[in-house]
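The values are calculated or read from the model by the stated rules, or taken from the named source; none is laboratory data. Just so we're clear, the structure is a prediction, and the values are computed from it rather than from any experiment. Positions of Cβ are backbone-derived with ideal geometry, glycine not excepted, and every protein chain shown enters the neighbour counts. To get the accessible areas, we keep the full protein, side chains included, count just its heavy atoms, and leave off ligands, DNA and RNA. Shrake-Rupley method; radii C 1.70, N 1.55, O 1.52, S 1.80 Å.
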Amino acid sequence: MTDDGSGEGPVPRDPRGTSATGMRVLVIGGTGVFGSRLVAGLRQSAGLDVLVAGRGAGNDVVLDRNAPDLARRIAAEKPDIVIDAAGPFQDYGAAPYAVAEAAIAARAHYLDLSDDADFTVGIAALDPAARAAGVAAISGVSTVPAISSAAVVVLSEGLDDIHLIDSFIVPGNRAPRGLSVMRAILAQAGQPMTEWRAGRPRRTRGWGDLRRVHLPGLGRRWVSAIGAPDLALFPAAYRARSVRFGAGLELTLLHLGLWAMSLPVRWGLLRSLAYLARPMRRLAALFEPFGSDRGGMRVRVVGKGRMDRSGGTGRWWPRPATGRISPPCRAA
């Protein structure tokens, strides 16, 4: 029995442990930059009993994803949904899907905020177990590939031959910087990565391929190549000949500075920049008074329809982060 805070007395729970008024949601990493926002949004929704899980004593549920009894601990909470918002997912080691497997074993739906290509693609291996348990196991419920793929579905309507899917994200300089995000970006800087160009894989380097882009309301920003699930999923899912993905920092000094830092990794002098996550986070905080909190995202699809006799049609979806979500726009 628990009190729902309404002053009307305790809310009964069914034998499964779910509040009779809704679903029990366990959010791992719910105190992080993205996880805390997710929890705040979920707790505004009626009918959800949201629990924050993590290693700290201040969490609703003390939980270590590396603990040998992880599955038992998750099952003990009797969740209907388990959300992994911790990350960085590329650092999950020898048992990357421990949380997902534990959720499935507990017959709970599983979602995560992964933006790591290998992790998100690999979740397909759990599909038979999830189906047998009667639950969903979905990876990448984040800006990429969830929102980007939704934009591509709309933008590619009527196009039979997709020449290019080109997406990028450019956060504002004052956007919150979680340690996991910093580590994920630094871990990719200078590392080999694969894009899909002209129907075949092309090797490039993380935080390389510098280019300048324009986003309405934000002006011009630097963007560099970086890994994302889109690069692995979109060529087959949408039969796209080329797929690009990039990210950029608002301040030129920081963006080009990270590009320069990636050079020793490209040259083989350093194995990775991931070990610099904490000092780089502190350094980035010194620049927080500069720039803005305005960031955004753009997805562009170029292709031809069956009756299109031109060289192709370009469509794009701009999304200013501080304004309303814009509808897809078709080029004239």
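Sorted into 5 angstrom bins from 0, the C-alpha pair distances of region 66-147 split as 3, 17, 28, 27, 19, 6, 1 percent.
For the pair F287 and R211 in one chain, pulling the backbone fully straight at 0.36 nm per residue adds 25.1 nm over the alpha carbon distance. Based on protein heavy atoms only, region 153-248 ends up with 41 Å² per residue of surface accessible to a 1.4 Å probe.
For region 104-174, the equivalent ellipsoid built from the Cα gyration tensor has semi-axes of 28, 18, 10 Å, listed from largest to smallest.
Taking the three principal axes of the alpha carbon atoms in region 150-267, the coordinate ranges are 41, 36, 25 Å, sorted in descending order.
For R315, the solvent-accessible surface with a 1.4 Å probe is about 20 Å², rounded to the nearest 10. When shorter helices are ignored and each DSSP H run of at least 4 residues is given -39500 (n - 2.57), the per-residue value for the chain at 222 nm works out to -7500 deg cm²/dmol. Given their separation in residues at 0.36 nm each and the Cα-Cα distance between them, D91 and A136 gain 13.9 nm when the chain is fully extended.
If you count, for each residue, the other Cβ atoms within 10 Å and average over each peptide, how do 64-71, 261-268, 46-53 line up from highest to lowest? Please report the intermediate quantities before stating the final value.
Numbers: 64-71: 13.8, 261-268: 15.4, 46-53: 18.1.
The densest-packed peptide leads the list: 46-53, 261-268, 64-71.
Send over the per residue convex hull volume for the chain, Cα only, as a whole number of Å³. Intermediate values should be presented prior to the final figure.
Values: hull volume 56.4 nm³, N = 332.
It is 170 Å³ per residue.
Take every Cα pair under 8 Å in the chain that's 6+ residues apart, average their separations, divide by the length, and report that relative contact order as a whole percent. Intermediate results must be reported in sequence, preceding the final value.
Working: 683 pairs, mean separation 50.2, N = 332.
Averaging sequence separation for qualifying contacts and normalising by length gives 15 percent for the chain.
Taking amide hydrogens as placed 1.01 Å from N in the peptide plane, the amide H of L164 sits under 5 Å from those of R241, S242, V302, each at least 5 positions away in sequence or on another chain.
Counting charges near R202 (Lys, Arg +1; Asp, Glu -1) among other residues having Cβ under 12 Å from its Cβ returns a value of +4.
Of all beta bridges DSSP finds with both residues in the chain, what is the antiparallel percent, to the nearest 5? Antiparallel bridges: around 60 percent, rounded to the nearest 5. Highest mobility in the GNM of the chain, judged by mean-square fluctuation with C-alpha springs under 10 Å and restricted to F234, F89, F287, is found for F287. Along the axis of the charge dipole computed for region 232-293 (Cβ charges of +1 for Lys and Arg, -1 for Asp and Glu, origin at the Cα centre), the listed residues F290, L269, F245 are led at the positive end by L269. When the trypsin sites (Lys or Arg not before Pro) in region 202-258 are filtered for DSSP coil states and for at most 11 other beta-carbon atoms within 10 Å of their beta-carbon, no site remains.
Within the accessible area of region 115-233, the carbon and sulfur atoms contribute 56%, probe 1.4 Å, all protein chains present. Annotation for D60 and L253: the two label points, set 7 Å from Cα along the Cα-Cβ direction, are 4.2 nm apart.
Take every Cα pair under 8 Å in region 140-227 that's 6+ residues apart, average their separations, divide by the length, and report that relative contact order as a whole percent.
Details: 75 pairs, mean separation 16.7, N = 88.
Across region 140-227, relative contact order equals 19 percent.
Applying a 10 Å radius around every beta-carbon, put 167-179, 151-163 in order of their mean neighbour count, most first.
Numbers: 167-179: 19.7, 151-163: 17.8.
Most protected by this proxy first, the peptides run 167-179, 151-163.
What does the charge count around F245 come to, taking other residues whose C-beta lies under 9 Å from its C-beta (Lys +1, Arg +1, Asp -1, Glu -1)? Taking every other residue near F245 into account, the sum is -2.
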